[in-house]
1. Report relative contact order for segment 182-234 in percent, whole number only (criteria: Cα-Cα under 8 Å, sequence separation at least 6).
2. Give the residue from GLY99, PRO83, VAL116 lying farthest towards the positive end of the charge dipole for segment 82-135; charges sit on Cβ (+1 for Lys and Arg, -1 for Asp and Glu) and the dipole is referred to the Cα centre.
3. What number, in percent, do you get for the relative contact order of segment 68-218 if the mean sequence gap of Cα pairs under 8 Å and at least 6 apart is divided by its residue count?
4. Test of understanding: ordering SER152, SER102 by Cβ neighbours within 10 Å, fewest first, what list do you get?
5. What order do you get for GLU227, GLU89 when you list them from fewest to most C-beta neighbours inside 10 Å?
6. Please arrange THR155, THR66 by counting, for each residue, the other beta carbons lying within 10 Å of its beta carbon, fewest first.
7. By average Cβ neighbour count within 10 Å, what is the ranking of 76-85, 200-209 from highest down?
Amino acid sequence: MDSKQETIERIIDRALAQRIMQALSVGGSENRAANASCVQAKTEVLQVPVGISNRHVHLSRTDMDTLFGPGSALRRKKAMKQPGQFAAEETVTLKGPKGALSKVRVLGPLRPETQVEISIADGFVLGIKPPLRMSGQLDDTPGVEIIGPQGSVKTTQGVIAAMRHIHMPVETAAQFGLRNGEVVDVEVGGERGGVLRQVVVRATGDSVTEMHVDVEEANAFSLQNDELVRICGY
Ligand SMILES: [Zn+2]
């Protein structure tokens, strides 16, 4: 198939997907991942397991030194699905103008910049409004006080609510005609089923296919860890 024909077929696929999505009511399916609109829209449908992120902190070397002592290292508690990423034994307290959240997990490895990922409701507790951002996009974000066993830091930026996103290897993205940074719709079945729009594809070489949502998004759709959802409109 030449590339022009491929492009035309993709446009037809998209139009068809949109029309079917509009025509069908969503949800109520026994198989939460199954939905007629997705199945009919494409001959092959990309199923993605869900990974639910609770509030967490990524620390810089400098802030790690302040919070846990000079030269301290994160202790690995549990590996995450994404290669090299792990939940650490270490936790911190976040303190904002209105309140505090304790036992907030630190995720490893250390990063160039400290980043605090919270939900919108966590923001109400702290008195901080987290902007919706992709990881690492920290310009014009609020700061927070982070308290560890050996000290505390008041960051001037780095508090975000993470944009929902799907990690996948570059080859998988190519196979389904998806590009890094592309925004897709994801469909969830079941009693609280619906469509999550504005899901960003993050296609990188060493990643494992997984959709990351925060606890509030997961609860709104009754999603469980490792549950399969489908990429539909793109
Ligand atoms: Zn992620």
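1. 50
2. The Cα lying farthest towards the positive end belongs to GLY99.
3. Contact order relative to length: 19 percent.
4. Lowest to highest Cβ neighbour count: SER102, SER152.
5. Fewest-to-most ranking of GLU227, GLU89: GLU89, GLU227.
6. Neighbour counts put them in this order, fewest first: THR66, THR155.
7. 200-209, 76-85
Coordinate-derived values only; no laboratory data. Predicted model, so just to flag it, every value in this text is computed and none were measured. Positions of Cβ are backbone-derived with ideal geometry, glycine not excepted, and every protein chain shown enters the neighbour counts.
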